[in-house]
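Below is one structure; the comments refer to it alone.
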Amino acid sequence: MDLVISLDGGGEKTVRVYRALREAIEDGRLPEGHRLPATRVLAADLGVARNSVATAYERLVAEGYLVARTGAGTFVAPVREQPAPRRTPADPLRPRAGWTFTPLPTSADVPAPRYDFRTGIPDARLFPFETWRRFVAGELRLRAHDPGGYADPFGLPALRAAIARYLGYSRSLRVAADDVLVTNGTQHALDLIGRVLLRPGEVVAVEEPGYPPARRLFTSLGARVVGVPVDGDGLVVDALPRAARVVYVTPSHQFPLGRAMSLTRRHALLDWAGRRQVAVVEDDYDTEFRFSARPLEPLYGLDNAGRVLHVGTFSKTMLPSVRTGYVLAPAAVRTALAAARQLGDGYGQIAVQAALARFIDEGQLARHVRRAVKAYADRHTRIVAALHRHPGLEVVPSVAGLHVTALAPASARVVAAANARGVAVEDLGDYGSDSTGFVFGFGAIDPALLDEGLAIFAGVLRET
């Protein structure tokens, strides 16, 4: 890559080359160990005499900024002082009024705790990396997918067709490739939906307790987010705000409680949405990981009025780093969603999409899910049995997903004490719940440490 520096300013050319290189080293644009171009090459690029560059190099070597290695070249030496901070104007740019959001910590920000009961993390040790690597490598070829062109914002046709077939046998949904819009996961899908359907100030109804990233995203778009209580049958339809424009729900595996919305309540929600011309966003959260009963039919399959947008992701069934999900949307808004995708990030990673299409169609995803379900079912059983041994805990029934919730008083104090002992369990109150309790994820925990971690938690519970 060409070295680009400015020779602006006064003085002879040798001094200007020297000054420009020194400033680039001091402010970090030329990092430690970087190999500089040969004097002839840099002189030609800058339009100066080779001797000007050679003299500047020699001076910088003498001052300790550069190191000359015979037969290898000239390299940036370790900088002895911290780069001077870049000056900013007295009134720098600021986010728009009302923007209060900063990035939240992620599971990769810190080293994993020893007893890792955090939610939303699949077990990467179960994933067939070698198989996936072969598929991706096979799609990274010059003539594989016209890499010099810009692709369809709806997503690669082969992947859209594969997802439609996958949903047909895994969720009993009758969908075609044209019904599928590929996204970079659930959060991306929600962003597209919000940008297309919502005006600032309009109401989005969400479950309470519920999924914080969805609430946060809709709020960032200027929507007024209203929490709606959840009971044993799911979202309480009678409590929905009349002004709602969009309702966001996790009916198949409510997050974070884990219950499934009853069939009666599903029909009630669809009737309510149909009468008020409201959009229902169905987040099909962790449905693939089921340990007993078959799942109820998705809202999308029950919908006869074109009110439901069905959102899914491969972040748990595969890995978060795959960054691929999808939306099944009514035809009336499908093109608008694709346009929003094109205006934002364009079209996604085509080689990954092609590899995923093969991964699905050749049965690798189904094989991986079956293996993962078996492993997760064992962890689910062990956690539920351990929690049931404590009379102060009320375990919320669940038959799917990657976490278990237990209701209990004074959970915040217990969570803090458990975390201090290396047991990373989550507080139900952090999900907007009036109830208190604990949420145990079991995707990330080492199975060999699961019982030990639960025993330590039980000790903390007795002591606190």
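The values are calculated or read from the model by the stated rules, or taken from the named source; none is laboratory data. Everything numeric in this text was worked out from a predicted model, so none of it was measured. We place every Cβ from the backbone using ideal geometry, glycine too, and count neighbours over all the protein chains shown. Only protein heavy atoms, including side chains, enter the accessible area calculation; ligands, DNA and RNA are left aside. Shrake-Rupley method; radii C 1.70, N 1.55, O 1.52, S 1.80 Å.
Within the set 228, 278, 204, the sole residue that is more than 25 Å from the chain's Cα centre (by Cα) and either open to solvent by less than 50 Å² (accessible area, probe 1.4 Å) or within 28 Å of residue 100 (Cβ to Cβ) (or both) turns out to be 278. Scanning segment 330-359 for residues that are more than 21 Å from the chain's Cα centre (by Cα) and either of a type in the set (A, V, I, L, M) or buried (at least 22 other Cβ atoms within 10 Å of the Cβ) (or both) yields 331, 332, 333, 336, 339.
Checking 389, 413, 367, 382 one by one, the residue that is over 26 Å from the mean Cα position of the chain (by Cα) and at pLDDT 95 or above is 382 and no other.
For segment 422-457, filtered to residues that are within 14 Å of residue 380 (Cα to Cα) and among the charged types (D, E, K, R), the residue that is nearest to the chain's Cα centre (by Cα) is 446. Can you find a residue that is over 30 Å from residue 447 (Cα atoms) and not acidic (Asp, Glu) anywhere in segment 357-376? Yes, segment 357-376 has at least one match. Condition check: modelled with pLDDT of 95 or more and in contact with a Gly (Cβ under 7 Å, 6 or more places away or on another chain). Does residue 325 satisfy that? Yes, satisfied.
Selection of first residues in segment 238-261 that are of a type in the set (Asp, Glu) and of second residues that are in a helix (DSSP H, G or I) and open to solvent by 10 Å² or more (accessible area, probe 1.4 Å), restricted to Cβ pairs under 9 Å at least 6 apart or on distinct chains, gives the following pairs, ordered by first then second residue: 238/268; 238/272. Among all positions in segment 288-299, there is at least one residue which is aliphatic (A, V, I, L, M), open to solvent by 10 Å² or more (accessible area, probe 1.4 Å) and in a loop (DSSP other than H, G, I, E, B). Within segment 275-314, being touching a strand residue (DSSP E or B) at 6+ places or on another chain (Cβ under 7 Å), small (Gly, Ala, Ser) and closer than 29 Å to residue 127 by Cα holds for one residue alone: 312. No other residue among 173, 167 is open to solvent by less than 20 Å² (accessible area, probe 1.4 Å), assigned to a helix (DSSP H, G or I) and in contact with a strand residue (DSSP E or B) (Cβ under 9 Å, 6 or more places away or on another chain) apart from 167.
As a summary of the residue check, residue 149 satisfies the conditions (1) surrounded by fewer than 19 Cβ atoms within 10 Å (Cβ to Cβ); (2) not in a loop (DSSP other than H, G, I, E, B) except for the one numbered (2). In this entry, residue 423 is excluded by the filter for residues that are in contact (Cβ under 8 Å) with a residue 40 or more places away in the chain, open to solvent by less than 10 Å² (accessible area, probe 1.4 Å), in contact with a His (Cβ under 6 Å, 6 or more places away or on another chain) and over 16 Å from residue 289 (Cα atoms). Restricted to segment 268-283, and to residues there that are assigned to a helix (DSSP H, G or I) and touching a helix residue (DSSP H, G or I) at 6+ places or on another chain (Cβ under 7 Å), the residue that is farthest from residue 332 (Cα to Cα) is 268.
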